[in-house]
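Step one of this worksheet: look at the structure below.
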Ligand SMILES: COC[C@H](NCc1c(COP(=O)(O)O)cnc(C)c1O)C(=O)O
């Protein structure tokens with residue numbers, strides 16, 4: 001991978017026969033699960049880390065993460081020969097800590113949810129003079145993520161009918177919206193998917209102001225930011241943006257169907273987006289007249305996630321179905 005292109009790879013854009021059949025139009029899968037760190041995060045986090053390294057003043061980077069931003073930070077820092085510290089909440093599956101250590105990162109587990117880990121990361125950044133890599137609220141992170149849309153523009157035969165994205169703190173969403181504006185697709189409907197109990201953007205839209213959730217009760221802990229970033233809230237007010245929430249069970253069922261039909265294991269956070277098709281959200285929005293029927297096409301951002309393996313899937317099946 002040449003340096004100026006960052007640490008991410010140009011990911012496959014596959015057609016899903018199963019999903020296309022379900023909604024009566026071509027569904028394209030943008031396979032960010034194929035990225036070297038396991039998720040789309042390496043695009044924006046890698047770009048941010050390269051920027052930090054180019055300033056040549058950093059003693060090291062520190063990232064608070066539900067898991068995937070941390071894995072992207074650890075991967076990029078190793079490539080840049082920068083010391084990396086990742087602060088995880090205790091809700092992050094244990095397999096993540098080992099993956100981070102395998103990348104040479106220092107790992108600290110602090111607090112119950114991402115917000116607690118973030119408070120500790122900010123404190124450590126101050127005391128140890130480290131450069132903060134924010135997992136979702138940074139224009140450089142959004143710029144890196146926007147490369148997804150530029151790749152779609154180069155690959156798709158025409159403008160997509162709609163696009164589906166998962167929401168944690170809203171960084172992926174901001175990158176997608178920046179990219180759509182840049183390529184002249186600013187009117188494309190964008191469906192923002194969250195799980196119940198990690199639905200900070202949907203809650204903000206309902207109360208017409210940013211809100212902080214009382215807790216994160218979804219098992220999709222990689223979507224577990226209690227407050228969406230301001231820019232995501234601003235973008236979510238656009239008429240072409242739709243916000244929907246699914247249950248953990250719907251996200252799990254989507255993970256299972258995707259594994260069966262597309263042979264790829266993704267996180268519950270990604271299942272939230274896949275559920276837009278598998279749980280009939282797209283079809284309901286079409287019946288309500290909020291999405292055209294038929295859609296010209298649908299692009300599913302398969303955000304991926306490295307915090308999952310067979311054992312973690314079996315754990316989720318047990319706890320969500322108990
Ligand atoms: C608390 O966690 C935020 C962030 N995960 C965010 C995330 C998202 C949502 O991205 P965002 O909206 O936060 O930019 C989607 N899909 C996957 C697989 C993710 O890991 C993290 O890893 O620190």
| message | Quick check on my filter: what residues within the range 88-112 are modelled with pLDDT under 95 and crowded, with 17+ Cβ neighbours inside 10 Å? | response | 91, 92, 93
| task | Report yes if some residue within the range 302-322 is over 25 Å from residue 94 (Cα atoms), within 16 Å of the ligand (Cβ to nearest atom) and touching a residue at least 24 places away in the same chain (Cβ under 8 Å); otherwise report no. | result | no
| note | The number of residues in the range 242-261 that are closer than 22 Å to residue 190 by Cβ and out of contact with any helix residue (DSSP H, G or I) (no Cβ under 6 Å at 6 or more places or on another chain) is 2
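Of the residues in the range 60-79, how many are more than 22 Å from residue 32 (Cα to Cα) and in contact with a helix residue (DSSP H, G or I) (Cβ under 6 Å, 6 or more places away or on another chain)?
So the count comes out to 2.
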| Hey, among the residues in the range 220-247 that are buried (at least 23 other Cβ atoms within 10 Å of the Cβ) and within 26 Å of residue 318 (Cβ to Cβ), which one's farthest from the chain's Cα centre (by Cα)? | 246
| task | Hey, can you tell me all the residues within the range 23-32 that are surrounded by fewer than 24 Cβ atoms within 10 Å (Cβ to Cβ) and within 16 Å of the ligand (Cβ to nearest atom)? | result | 29, 31
| request: Please specify each residue of the range 254-287 satisfying the condition of being buried (at least 19 other Cβ atoms within 10 Å of the Cβ), more than 14 Å from the ligand (Cβ to nearest atom) and within 19 Å of residue 309 (Cα to Cα). | output: 257, 262
| Verdict on residue 92 being within 18 Å of residue 171 (Cβ to Cβ), assigned to a helix (DSSP H, G or I) and under 21 Å from the mean Cα position of the chain (by Cα) | no
| task | Please specify each residue of the range 312-322 satisfying the condition of being closer than 15 Å to residue 96 by Cβ and in contact with a helix residue (DSSP H, G or I) (Cβ under 8 Å, 6 or more places away or on another chain). | result | 312, 313, 316
| Do you know which residues across the range 4-19 are within 13 Å of residue 302 (Cα to Cα) and free of Cβ contacts under 8 Å to residues at least 40 places away in the same chain? | 12, 15
| remark: Within the range 51-78, restricting to residues that are within 13 Å of residue 7 (Cα to Cα) and within 16 Å of the ligand (Cβ to nearest atom), the one that is surrounded by the most Cβ atoms within 10 Å (Cβ to Cβ) is 72
| message | Regarding the range 11-22, can at least one residue be identified that is away from the ligand (no atom under 16 Å from the Cβ) and either buried (at least 24 other Cβ atoms within 10 Å of the Cβ) or over 18 Å from residue 263 (Cα atoms) (or both)? | response | yes
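Pick from the range 263-292 the residues that are assigned to a loop (DSSP other than H, G, I, E, B) and free of Cβ contacts under 8 Å to residues at least 12 places away in the same chain: which of them is nearest to residue 11 (Cα to Cα)? Give the steps one after another, and end with the answer.
To start, the set of residues in the range 263-292 that are assigned to a loop (DSSP other than H, G, I, E, B) comprises 263-267, 279-280, 288-292.
Subsequent filtering for residues that are free of Cβ contacts under 8 Å to residues at least 12 places away in the same chain retains 263, 280, 288-289.
Working: 263: 16, 280: 26, 288: 33, 289: 32 Å.
So the residue we want is 263.
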| task | Find the residue count for the range 157-198, including only residues that are farther than 23 Å from residue 140 by Cβ, away from the ligand (no atom under 12 Å from the Cβ) and touching a strand residue (DSSP E or B) at 6+ places or on another chain (Cβ under 7 Å). | result | 7
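The values are calculated or read from the model by the stated rules, or taken from the named source; none is laboratory data. Worth saying up front: this structure is predicted, and the values here are computed from it rather than measured. Using ideal geometry, Cβ is built from the backbone for each residue, glycine included, and neighbour counts are taken over all protein chains shown.
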